[in-house]
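Enquirer: Here it is, the structure in full.
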Amino acid sequence: MKAIFILLLVINTVLAGWNIFDGVSDQESNASIAVTERARPHLPSLEVLTKEQLDNLKVLSTSNTSDPVFEELCSMVGPYKNLARADILIERLSALDVNAQLETLEIPIEPAYWVYLPPLPSKDSAYRKLSELQTLGIDSYVIPKGNLSNGISLGLFNEYSGAIAKKEDLEAKGYAVEIHEEQRTIAQNWVVAKSSESAKITPKIWSSLISGQENVGYQQNFCPAVASLK
């Protein structure tokens with residue numbers, strides 16, 4: 001009986017010691033976690049992106065690319081004054097599986113030089129000055145609109161030297177005139193095919209298609225090709 005009592009006492013002592021140790025261990029663990037959290041309070045938490053958010057990221061990535069964009073080259077035949085001949089060429093190209101179209105392009109040409117008197121304060125004063133000039137036999141007219149409205153036009157010259165001569169003549173008569181460079185274009189009809197279409201036939205075939213056509217040529221230029229055509 002005494003032996004049983006001693007055995008139960010030993011068991012209770014062991015269990016009490018185990019519970020005390022386990023409690024201290026939990027407290028140390030919790031304290032360690034708290035210290036760690038205080039040491040890194042600004043670390044972001046991870047979250048799972050939805051499919052919609054992933055798609056948005058793909059769109060942003062694509063839109064921020066800086067790949068260069070190159071202009072497309074076109075093959076051009078022209079200029080055509082006779083539109084019927086242009087239509088025949090388009091039909092012949094179509095038979096060769098080449099898609100082309102007739103386009104009217106504004107082609108830059110050499111500028112003109114406009115000699116003029118600067119705008120006067122009012123329409124009435126402009127017409128009084130016009131009357132004075134015409135009395136002296138100077139060909140002129142009132143500019144009706146635009147930036148030079150109520151100015152006096154004194155001539156448009158194809159050559160700069162002609163404009164300078166006119167300016168010097170009028171200045172000798174006491175008129176302070178100026179020269180404005182006027183940019184000009186002309187409308188031309190060209191048969192145009194994109195590079196993906198024109199590549200279907202060889203340069204030799206292109207040459208044969210326009211053989212015998214006066215003042216009509218073949219060239220390649222950026223689409224729409226107006227910058228360097230003269």
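Read-outs: derived from the displayed coordinates by stated rules, not from any lab. None of these values were measured; they are calculated from a predicted model. Counting neighbours? That spans all protein chains shown, and the Cβs are built from the backbone with ideal geometry, glycine included.
Enquirer: At 0.36 nm per residue, minus the direct Cα-Cα distance, what do Ala84 and Ile205 gain on full extension? Give it in nm, one decimal, please.
Expert: 41.5 nm
Enquirer: Here is a further query. Taking a ≥ b ≥ c as the square roots of the Cα gyration tensor eigenvalues, with a/c under 1.5 meaning rounded and otherwise prolate when a/b beats b/c, else oblate, which class fits region 98-156?
Expert: Because a/c hits 1.5 or more and a/b exceeds b/c, region 98-156 counts as prolate.
Enquirer: For the pair Gln101/Arg128, report the inter-label distance in nm, with labels modelled 7 Å from Cα in the Cβ direction.
Expert: Once both label points are built, they end up 5.6 nm from each other.
Enquirer: Which of the trypsin sites (Lys or Arg not before Pro) found in region 116-179 are in a DSSP loop and have at most 15 neighbouring Cβ atoms, other than their own, within 10 Å?
Expert: Numbers: sites: Lys123, Arg128, Lys129, Lys145, Lys166, Lys167, Lys173; in loops: Lys145, Lys173.
Sites meeting the loop and neighbour criteria: Lys145, Lys173.
Enquirer: A further question on this structure: Would you mind checking the radius of gyration and Dmax of region 121-184 based on alpha-carbon positions, in Å?
Expert: Rg, Dmax (Cα atoms, Å): 12.0, 32.
Enquirer: Which of the GluC sites (Glu not before Pro) across region 167-214 are loop residues per DSSP, with 13 or fewer other Cβ within 10 Å?
Expert: Glu214
Enquirer: How much net charge surrounds Ser94 when only the other residues with a Cβ under 12 Å from the Cβ of Ser94 are counted, with Lys and Arg +1 and Asp and Glu -1?
Expert: Net charge around Ser94: -2.
Enquirer: Next question, about the same structure. Taking Cα atoms of region 148-230, Rg/Rh with Kirkwood Rh, to two decimals?
Expert: On the way: Rg = 22.0 Å, Rh = 17.4 Å.
Here Rg/Rh amounts to 1.26.
Enquirer: Taking 2.2 N^0.38 Å as the expected size of a compact globular protein, what ratio does the Cα radius of gyration of region 83-230 give against it, to two decimals? Spell out each step's value before the answer.
Expert: Values: Rg = 23.7 Å, N = 148, 2.2 N^0.38 = 14.7 Å.
In units of the 2.2 N^0.38 Å rule of thumb, it is 1.61.
Enquirer: Okay, moving on. Hey, if you put +1 on the Cβ of every Lys and Arg and -1 on every Asp and Glu Cβ in region 121-230, which of Gly162, Gly146, Cys223 ends up farthest toward the positive end of that dipole?
Expert: Cys223
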